[in-house]
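What follows is a single structure, written as structure tokens, with notes after it.
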Amino acid sequence: MSLTSAATLATLDRSGPRRITDLAAVEGVTQPAITALVRVMEESGLVERRGDASDRRVTLVCLTEAGASYVRTRRQAGVHAFERLIGELTGDEVEALVAALPALKHLAELESQDRDGPKQ
């Protein structure tokens, strides 16, 4: 799976159903590119298109259970990889990581705001 596909699935998992135009903007790709990507992911059963109840003209891209499962599995693999690597650090290095956690959390919040727009 491409990084853009994985990032798109993660975006849908994090923010819920989105319009194609929103996904293109968030992922930094063209609308035709994200449309083609969504089509492939739809054929793979990872996403589906649904109508928007608030505006019947709009179609939203939604994560399927298979797509959500893929995102969870991928995240869990990342957690296990970090656990293994952190287990190889010295006590002082682990303490330095723990001390850096507030700054890392803030960076993640800033990145999320940058990708998804400011929080309302």
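Run the accessible area of the chain with a 1.4 Å probe and give the carbon-and-sulfur part as a rounded percent.
Numbers: 4600 of 8090 Å².
C and S fraction of accessible area: 57 percent.
Taking only protein heavy atoms into account and a 1.4 Å probe, give the accessible area per residue of the chain in Å².
Numbers: 8090 Å² over 120 residues.
Value for the chain: 67 Å² per residue.
Could you please put 93, 88 in sequence from largest to smallest accessible area, using a 1.4 Å probe? List each step's numbers first, then the result.
Values: 93 85, 88 125 Å².
Ranked from most to least accessible, the order is 88, 93.
Considering only the other residues whose Cβ falls under 13 Å of the Cβ of residue 77, what net charge follows from Lys and Arg at +1 and Asp and Glu at -1? Please list the in-between numbers first.
Working: positive: 72, 74, 75, 84; negative: 83.
Its environment carries a net charge of +3.
As a test of the definition: which semi-axes, in Å, follow for the chain when you take the square root of five times each eigenvalue of its alpha carbon gyration tensor? Largest first, please. Provide the component values of the computation, followed by the final result.
Working: eigenvalues 213, 60, 27 Å².
Here the semi-axes work out to 33, 17, 12 Å.
Compute the length gained on full extension between residue 73 and residue 43: take 0.36 nm times their separation in residues and subtract their Cα-Cα distance, giving the result in nm to one decimal.
Values: separation 30, 0.36 × 30 = 10.80 nm, distance 1.98 nm.
So the extension gain works out to 8.8 nm.
Report the gain in length on full extension from residue 108 to residue 96: 0.36 nm times residue separation, minus Cα-Cα distance, nm rounded to one decimal. Intermediate results must be reported in sequence, preceding the final value.
Numbers: separation 12, 0.36 × 12 = 4.32 nm, distance 1.81 nm.
Computed gain between residue 108 and residue 96 is 2.5 nm.
The values are calculated or read from the model by the stated rules, or taken from the named source; none is laboratory data. Small disclaimer: the values here were computed from a predicted structure and weren't measured. No Cβ is skipped: glycine too gets one built from the backbone with ideal geometry, and neighbour counts run over all protein chains shown. Ligands, DNA and RNA are excluded from the accessible area calculation, which covers all protein heavy atoms including side chains. Shrake-Rupley method; radii C 1.70, N 1.55, O 1.52, S 1.80 Å.
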